[in-house]
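Report on the following structure.
The values are calculated or read from the model by the stated rules, or taken from the named source; none is laboratory data. Treat the numbers as computed from the prediction; the structure is a model and nothing was measured. All Cβ positions, glycine included, derive from the backbone under ideal geometry; neighbour counts span all protein chains shown. Ligands, DNA and RNA are stripped out before the accessible areas are found, and what is left, the full protein with its side chains, is counted by its heavy atoms. Shrake-Rupley method; radii C 1.70, N 1.55, O 1.52, S 1.80 Å.
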Amino acid sequence: MGCILTVDLGGSKVSVGVLSEEGSLLGEFRSEGGNPYVIGMEQARQIVVQALLNAAARMGFSPEQVAVVVGNVFVSSTDDSFLRRIFPRAQIRLLSEPFLNIMLSLRGRPGYTVHSGTGSYVTWFDGEHVVCYGGFGRVFGDRGSGYEIGREGLLAAVAAEEGGPETMLTGLLCEQVGARPEDGFLARVRKMIRPTNRDSRGATAYFGSIAPLVSRAAGAGDAVAAAILRRSARELAEYCQLLIEKCGCPAQG
């Protein structure tokens with residue numbers, strides 16, 4: 001008896017599904033992710049391999065029992081040798097994240113796609129070749145990304161604590177981290193900024209987790225949160241313009 005492993009590598013997490021050879025879902029697992037542009041391709045591959053091995057082991061499968069590895073990773077879809085060495089009997093079917101997004105949204109036709117997860121990037125597909133812009137990670141500031149939305153949401157909540165414009169984000173963030181009114185100003189802010197997340201992947205995941213709170217507040221009519229999302233949309237539009245200007249892509253597609 002063998003298993004099928006599915007993997008999705010993101011900047012803030014890796015998601016792995018373990019299925020039986022008949023396709024029944026046996027379990028789902030998550031671990032910390034990483035943007036290859038930030039941590040390096042070799043470390044990103046190590047993260048993928050370890051996540052797959054851990055998920056298989058938890059369901060009682062050895063590497064030799066893995067029949068198929070299929071997934072979505074931000075690495076070249078033609079280079080799967082790092083997985084073939086670990087899973088010698090498996091068929092490997094990897095797609096790069098930009099290509100998968102293009103196939104799902106454009107169905108193979110020429111056009112632009114915009115991706116806004118924890119990180120963000122835009123692509124132009126001419127029917128054969130893919131040109132990407134963005135996806136650089138938090139160091140360069142992916143515009144319109146979940147990371148940036150979360151960071152802006154945190155800044156707005158802290159600003160409100162200091163007497164700035166009121167926003168629902170303050171209450172939502174305090175609820176998320178367990179901060180209470182009786183904690184006092186500094187204690188509440190320390191809990192909100194989560195100083196324990198010292199490494200880049202921890203910080204990326206934390207800011208990414210704030211982004212849904214911004215959307216929730218905006219949906220409830222919060223003006224500060226709505227302004228953050230409007231800025232995010234404008235920044236993604238600017239990414240598209242940069243793709244057109246720097247990569248020589250057509251203005252329409």
From the options LEU236, LEU229, residue that is under 16 Å from TYR133 (Cα atoms), at pLDDT 85 or above and surrounded by 14 or more Cβ atoms within 10 Å (Cβ to Cβ):
LEU236
Based on this model, can you work out whether GLY178 counts as free of Cβ contacts under 8 Å to residues at least 60 places away in the same chain, surrounded by fewer than 16 Cβ atoms within 10 Å (Cβ to Cβ) and out of contact with any helix residue (DSSP H, G or I) (no Cβ under 8 Å at 6 or more places or on another chain)?
no
Any chance segment 59-73 includes a residue that's among the aromatic types (Phe, Trp, Tyr), surrounded by 15 or more Cβ atoms within 10 Å (Cβ to Cβ) and modelled with pLDDT under 90?
no
Just checking, does segment 38-55 include any residue being open to solvent by less than 50 Å² (accessible area, probe 1.4 Å), more than 22 Å from TYR147 (Cα to Cα) and either among the small types (Gly, Ala, Ser) or part of a strand (DSSP E or B) (or both)?
yes
Of the conditions (1) open to solvent by 70 Å² or more (accessible area, probe 1.4 Å); (2) in a loop (DSSP other than H, G, I, E, B), the single one that PHE87 does not satisfy is (1)
Close pairs from segment 152-169: first under 13 Å from ARG188 (Cβ atoms) and in contact (Cβ under 8 Å) with a residue 40 or more places away in the chain, partner open to solvent by less than 30 Å² (accessible area, probe 1.4 Å) and outside any helix (DSSP H, G or I), Cβ under 6 Å, at least 6 apart:
ALA160/THR167
Could you check THR118 against (1) of a type in the set (Ser, Thr, Tyr); (2) touching a helix residue (DSSP H, G or I) at 6+ places or on another chain (Cβ under 7 Å); (3) free of Cβ contacts under 8 Å to residues at least 60 places away in the same chain and say which number it fails?
(3)
Name the single residue that is farthest from SER31 (Cα to Cα) among those in segment 61-109 being of a type in the set (Val, Ile, Thr) and more than 20 Å from the chain's Cα centre (by Cα).
THR78
Odd one out for SER15 among (1) at pLDDT below 90; (2) within 20 Å of GLY208 (Cα to Cα); (3) of a type in the set (Gly, Ala, Ser):
(1)
Which residue out of ARG58, ARG45 is of a type in the set (Lys, Arg) and either more than 18 Å from the chain's Cα centre (by Cα) or at positive phi (or both)?
ARG58
So if I check each of GLY134, GLY127, GLY119, which one is on the phi > 0 side of the Ramachandran plot, crowded, with 21+ Cβ neighbours inside 10 Å and at pLDDT below 90?
GLY134
All but one of (1) touching a Leu at 6+ places or on another chain (Cβ under 9 Å); (2) under 18 Å from GLY23 (Cα atoms) hold for ALA51; which doesn't?
(2)
Sole miss for GLY108 among (1) on the phi > 0 side of the Ramachandran plot; (2) out of contact with any Ser or Thr (no Cβ under 6 Å at 6 or more places or on another chain); (3) in contact (Cβ under 8 Å) with a residue 24 or more places away in the chain is condition (3)
